[in-house]
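The values are calculated or read from the model by the stated rules, or taken from the named source; none is laboratory data. Every value quoted in this text rests on a predicted model; they were computed, and no experiment measured them. Note that we place each Cβ from the backbone using ideal geometry, even for glycine, and neighbour counts take in every protein chain shown. Please note that ligands, DNA and RNA were not included when accessible areas were found on the heavy atoms of the full protein model with its side chains. Shrake-Rupley method; radii C 1.70, N 1.55, O 1.52, S 1.80 Å.
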Amino acid sequence: MAKFVLIGSGLAGGLLAAYLGRRGHEVDLYERRTDPREGNIVGGRSINLAISTRGIHALEQIGIADEALRHAIPMRGRMIHDKSGQLHFSPYDVDPNKCINSIGRAALNTTVIEAAQRYPNVRVHFNHKCIDVDLDTATAHLETSPVAAGVSPANSENQIISAHGDAVIGVDGAFSAVRQSMQMQISGFEYDESYLAHGYKELTILPGSEGSWQMEKHALHIWPRKSFMMIALPNPDGSFTCTLFWEFEGRRSFATTKTDEDVRRFFGEEFRDAVPLMPTLLEDFRQNPTGSLVTIRCAPWYYRDKVCLVGDAAHAVVPFYGQGMNAAFEDCAVLDECLDQFTDNRERAFARYFSRRKENAGALADLALGNFIEMRDKTASKTFRAKKKLDHFLEAALPGIYLPLYTMVTFTRIPYAEAARRARLQDRIVYASLIAIVAFLIGILVRFTG
């Protein structure tokens, strides 16, 4: 069996360690942060996730789906809040049992790490920051904190250690140290990162009396405001984690909203129905960081049989389709299948994984960018809601034949690129059919009135 050095014990890192541990491989998993089970979660940084079919399937393959979803809250559709405070509910699918699930990052991270540690051949090391990877020898160089060494920080300095394996896998997020080493050491490595002009800030709607939810519990709430929006996802304690997506710069933006009075005025004008539910608004707005939204594309995702990238390290996407974590989990399942297919040739397994995932990761990146425009601009319009109703009508009338794009992405495991192509074809057929029907009716009308 091989020895794998994994860098990053986030969601995908923990899950991949469990997959590799189940195969009998030796696994050393290194994480620069402290153990999330100690409660050291940084506030204001993507606390909530929406897990759906792809992510659940990956958890099922390792036998932990029920455990992970124990505290998840099903969301059956979007609850749209217009500026007047009126609510419009738009179900995600014609089947009311098809839901996405709001789940806390810390709870899910704990579940996958503990699943990995059930295998005696998996070891997890926190407070180890990867600073470089030697690709040819599959050696990661890591900086350890005094805490990791078990000594007093006052009596020791950070140390550099080396972790050698048969392969190093970077599961260390959008700003991956493993990928940076590949960029520097692989001639012709392709890399592109693009940032939105919008940033995000996380806020909180507090629970009601006795832990009750002050808004509809089984919905993803959206306040669409054309060029910006706010969303809210439910938590088991009755609270909602809100995220404001807003321009960094401009007449009304993060840059120009500095004082408490500025914040009060902006939220009072745009999110009037939410403000009474957010008594900590000013504190949250001041203290929580303003994050950036990046899309990362690169190639190749592997180097010989020595190094491979998984999840955001290979293909970070903006969060507007709720698929970033689901896609990373799907990466883990696909890589596991490829390692099973090519048990004696790890380079072929890495190459096959890359060929299966690269096009789909690119398609997801485009879909996620497009869905931002849909969520902030279109969800409030009557035309958009009519199109959604038509989608659901066609899905019910043509079961197995017509599937809306959102359904294919969220509630099936159809590859992202195939789903996008199929949706474009369906749209062309539907629009052509509508034009033909209108032309036919006009022809009849002209005949009878001529």
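Annotations
- Number of positions in the stretch 275-290 that are surrounded by 15 or more Cβ atoms within 10 Å (Cβ to Cβ) and touching a residue at least 60 places away in the same chain (Cβ under 8 Å): 7
- Some residue of the stretch 68-80 being buried (at least 17 other Cβ atoms within 10 Å of the Cβ), modelled with pLDDT of 95 or more and under 15 Å from Gly14 (Cα atoms): yes
- Matching option when the condition is open to solvent by less than 40 Å² (accessible area, probe 1.4 Å), modelled with pLDDT under 95 and hydrophobic (A, V, I, L, M, F, W, C), among Ala58, Ala106, Ala12: Ala106
- Filtered by the rule that a residue be under 24 Å from Leu364 (Cβ atoms) and open to solvent by 70 Å² or more (accessible area, probe 1.4 Å), the stretch 423-450 gives Arg424, Leu425, Arg428, Ile429.
- Every listed requirement among (1) farther than 30 Å from Leu15 by Cα; (2) at pLDDT 95 or above; (3) in contact with a Gly (Cβ under 6 Å, 6 or more places away or on another chain) is met by Phe267 save one, (3).
- When Phe384, Phe350 are checked against the criterion of being open to solvent by 20 Å² or more (accessible area, probe 1.4 Å) and aromatic (Phe, Trp, Tyr), a single residue qualifies: Phe384.
- If the condition is being of a type in the set (Phe, Trp, Tyr) and assigned to a strand (DSSP E or B), then the stretch 86-104 contributes only Phe89.
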